[in-house]
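Just below is one structure, and these are the notes that go with it.
All of the numbers you see were taken from the coordinates with simple rules; none came from a lab. This one's a predicted model, so the numbers in the text were calculated from it and none came from an experiment. As a convention, Cβ positions derive from the backbone with ideal geometry for all residues, glycine included, and neighbour counts pool all protein chains shown.
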Amino acid sequence: MAKLERGYEPASQELPRLVLEKRRQIEFAEEGSDDLRYLDYRAANANVGGPTCKHILLRKDPGKIEVLEEFLHGTQYRCRVIDRLGFDGAEVHVKEFMIRHQRLMRLSVEDVEILYRLLKGG
Amino acid sequence: MGGSCTIQVEDIFHFKDGRTVFVGSVENGPKFFKRGRYGVWLDGEWRGSIDLEGEMLNGGSKVGRSGPLRSVSTTDKFRLDRESIANRSLVLKPTPPSEARRSHVHRHLIGLKSPPPEYVADPMTLGPVLPEGWDGDAWENVGRSGGSFLRAWNKATGRVAYGDANSYEEARRLLLLKVSSGGDTAILDPPISK
């Protein structure tokens, strides 16, 4: 499995609750489950899917940027950004959005650096 | 949805919430798979249809690292797992049910060679335009090795012709060459006694 670039700041307990209030579903991948095997297989921290990109799958100890990114993918779907930019384009778009709005989202310097590194690919 | 592009499934995941996720490679696919109905083909045999919810996005992965692999999910019941598709070809293809049925029913015709088992009916064509009296169909290998299998028959004369090649163009050329030379005699086994 490729080494994961995890978020620096852990998600607060409040954050998933706020995401749920925005009509998203959240599942946590448990040890030994296919959910976790999938995340490992795709070398991903988290995942979003479902017919309208509202089913969020997280690892047990999600980072703040991981939760926010999955939430924003749902917004991208609703605004037809994913339709327009496609799979890879949406990944770039969401990270650039988060970097641009880092103060609004109160992201730490370390998390912004991680987003830059993820953007560079690799 | 994905037009005529196919997903060559490499692994299957059964999520806790009941969804089944397919991860596979896609060539010349759409930017993003939306929800739609897909046919399931296992080793070239049509196994039914499922409704795909759409594509899944993987967070926290580096941009451009996804490669050719894509993930789609369904809430339909799907019994196969990773062990049962090991060393087998599982393909998801946006095929209307009527076409899937057509390939399922008419794969084997009396007096004609059947297409190889891994080949599926080509939903885009029935083969080239043929001379008066001839009829035909077209089959394609949607796996990685590719290939096209065309066959034609003339019921009035009892003659048959085939074109089997790596590309549709070559198979078409071979078929038309055979048809123009009159074709071969259809072999009925056992022969029909008069």
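Rounded to two decimals, what ratio of Rg to Rh does chain A give with C-alpha atoms and a Kirkwood Rh?
My calculation puts Rg/Rh at 0.93.
Label point of A:Gln13 set 7 angstrom out along Cα-Cβ; within segment A:62-80, amide nitrogens under 18 Å from it belong to A:62-64. When the Cα gyration tensor is reduced to axis lengths a ≥ b ≥ c, the ratio a/c is 1.5 or higher for segment A:69-122, and with a/b not above b/c it is classed as oblate. Packing, as the average of other Cβ atoms within 10 Å across residues, places the peptides B:35-47, B:77-89, A:109-121, A:54-66 in the order A:54-66, B:35-47, A:109-121, B:77-89, highest first. Summarising the overall dimensions of the protein assembly as shown from its C-alpha atoms, the Rg and Dmax are 24.6, 89 angstrom.
On the beta carbon distance between B:Glu170 and B:Glu45, with R0 = 30 Å, the FRET formula returns roughly 0.75. Counting charges near B:Gly163 (Lys, Arg +1; Asp, Glu -1) among other residues having Cβ under 14 Å from its Cβ returns a value of -2. Compute the FRET efficiency between B:Ser114 and B:Asp81 as 1/(1 + (r/R0)^6), taking r as their Cβ-Cβ distance and R0 = 22 Å, and round to the nearest 0.05. In this case the efficiency is close to 0.15. By the count of neighbouring beta-carbon atoms within 10 Å, fewest first, B:Leu130, B:Leu52, B:Leu150 end up ordered B:Leu130, B:Leu52, B:Leu150.
Max-minus-min Cα coordinates of segment B:106-185 on each principal axis give 37, 24, 19 Å, with the largest extent listed first.
Exceedance of the 27 Å cut-off in Cα-Cα distance is limited, within the set A:Lys95/B:Lys34; B:Lys93/B:Lys178; A:Lys64/B:Lys16; B:Lys34/B:Lys113; B:Lys34/B:Lys77; A:Lys54/B:Lys16, to B:Lys93/B:Lys178; B:Lys34/B:Lys113.
Computed on segment A:1-59, with alpha-carbon pairs under 8 angstrom and 6+ residues apart, the relative contact order is 39 percent.
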